[in-house]
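Below: the structure, in structure tokens.
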Amino acid sequence: MLARRVHYTGQNLNGDIKMNKLFTAALASLAFVGTATADQIYIDVGADYGGNTYAQGNGNTTTGWKNSLKLVFESNSTVTDVDGDGTISAGDTIVSTGGLGFGGTIANNKVTALIDGEGLLATDPSDNGYGSISSSWVLSFRFSDLMGSFDGTDFNYTSGNIDWLLFDITNGFGTEVHLFTTSIQSHSYTTGNQVFNGEIGNFGTDTVNGVAASDIFNIAYGNSSMTFEEYATTMSQNVRFRIDQNTDQPNVVGVDAQAGEIYISGKHDGSIEFAVPEPATIAILGLGLLGFAGASRRKS
């Protein structure tokens, strides 16, 4: 949360309060978007892998418009037994590694489906042949630094980065292409469910079928679209993400009493969706900032 210290002279207190409310409302809108409201995306891999009879996002090298990506993955975690009681208890810390981050296979750690919200009908927007390791392309990911602590009920994750990867048959499936990194900024949970929110950055520099890695993911914006990197560059802010995952009951696979560590593994499924503030929201924020600037000039 952003804090702003203001010295009031008593000359225009009501005006400052109104402007502060506008600024706060604009910031709240920006924070809300990407954590509760998803925007559609399409993916451009630069090649036609078939199945493009129906709608594409921007030609036959792209998928149709999608609402989210469905995924599965495995994880291994090290819990530091801070109080030395030999069990996972409040205050113990955790570092989690998962996806391809610990040598897992693509088959068990990947995006399993591109979800368009229309059901699974033959006329649904195209997947452009997604999902075949032998003949098209697959999305996967890895992480090694998801960190948090146990609050007595579950783990609260406070930071971490997830690298998103593309494997394409024309590049050879032994070659991974780094697309971008999702950086976790907030986290919440209910029993068996974890939700991560944050921003996208650290775009890849490779190409796939002539398409720059930073241009492969595209998001709806107003009546048009932008690549993820184009949005970051043009709007001076990042596309946001929300990962909603379900976790099977974790397994304790080892305890090192001397090191004070407990080792657990887990299997997960869930989805990731993306969002940006709509142009009207950004305009509201701009008006708020201009108002603050004008108020500041009047006082000086």
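Only one of F180, F196 is without any contact (Cβ under 8 Å) to a residue 60 or more places away in the chain, in contact with a helix residue (DSSP H, G or I) (Cβ under 8 Å, 6 or more places away or on another chain) and within 30 Å of T78 (Cβ to Cβ); which?
F180
Residues that are closer than 19 Å to Q245 by Cβ and either at pLDDT below 90 or not assigned by TED's automatic domain parsing to the domain that holds L166 (or both) were ranked within the range 72-105; the one that is surrounded by the fewest Cβ atoms within 10 Å (Cβ to Cβ) is F102. Given the structure, is D168 under 23 Å from T105 (Cα atoms) and either touching a Gly at 6+ places or on another chain (Cβ under 7 Å) or touching a residue at least 60 places away in the same chain (Cβ under 8 Å) (or both)? For D168, the condition - under 23 Å from T105 (Cα atoms) and either touching a Gly at 6+ places or on another chain (Cβ under 7 Å) or touching a residue at least 60 places away in the same chain (Cβ under 8 Å) (or both) - is met.
Mind checking which residues of the range 155-184 are among the aliphatic types (A, V, I, L, M) and assigned to a loop (DSSP other than H, G, I, E, B)? Spell out how you get there, then give the answer.
Start the filter on the range 155-184 by keeping residues that are among the aliphatic types (A, V, I, L, M), which leaves 162, 165-166, 169, 177, 179, 184.
Residue satisfying the conditions is I169 alone.
Evaluated against (1) modelled with pLDDT under 95; (2) assigned to a strand (DSSP E or B); (3) among the small types (G, A, S), G148 falls short on exactly one condition, (1).
Here T158 meets each of (1) crowded, with 17+ Cβ neighbours inside 10 Å; (2) out of contact with any Lys or Arg (no Cβ under 7 Å at 6 or more places or on another chain) with one exception, condition (1). If you go through the range 238-271, how many residues are outside any strand (DSSP E or B) and exposed (fewer than 15 other Cβ atoms within 10 Å of the Cβ)? Residues flagged as outside any strand (DSSP E or B) and exposed (fewer than 15 other Cβ atoms within 10 Å of the Cβ) within the range 238-271 amount to 5.
Matching residues to (1) at pLDDT 95 or above; (2) not hydroxyl-bearing (S, T, Y):
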position	(1), (2)
T158	no, no
G172	no, yes
L179	yes, yes
N193	no, yes
F203	yes, yes
R240	yes, yes
D244	yes, yes
T247	no, no
V253	no, yes
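Taking the numbered list (1) within 30 Å of F141 (Cα to Cα); (2) at pLDDT 80 or above; (3) not basic (K, R) in turn, T53 passes all entries but (2). Look at G222 and say whether it is crowded, with 17+ Cβ neighbours inside 10 Å, of a type in the set (G, A, S) and in contact with a helix residue (DSSP H, G or I) (Cβ under 7 Å, 6 or more places away or on another chain). Judged against the criteria, G222 is not a match. Given the conditions (1) touching a residue at least 12 places away in the same chain (Cβ under 8 Å); (2) surrounded by fewer than 20 Cβ atoms within 10 Å (Cβ to Cβ), and given that T190 satisfies all but one, which numbered condition is not satisfied? Result: T190 passes all but (1).
Residue count for the range 200-210, restricted to those that are closer than 13 Å to F228 by Cβ and buried (at least 17 other Cβ atoms within 10 Å of the Cβ): 3.
The values are calculated or read from the model by the stated rules, or taken from the named source; none is laboratory data. Given the structure is predicted, the values throughout are model-derived calculations rather than measurements. We place every Cβ from the backbone using ideal geometry, glycine too, and count neighbours over all the protein chains shown.
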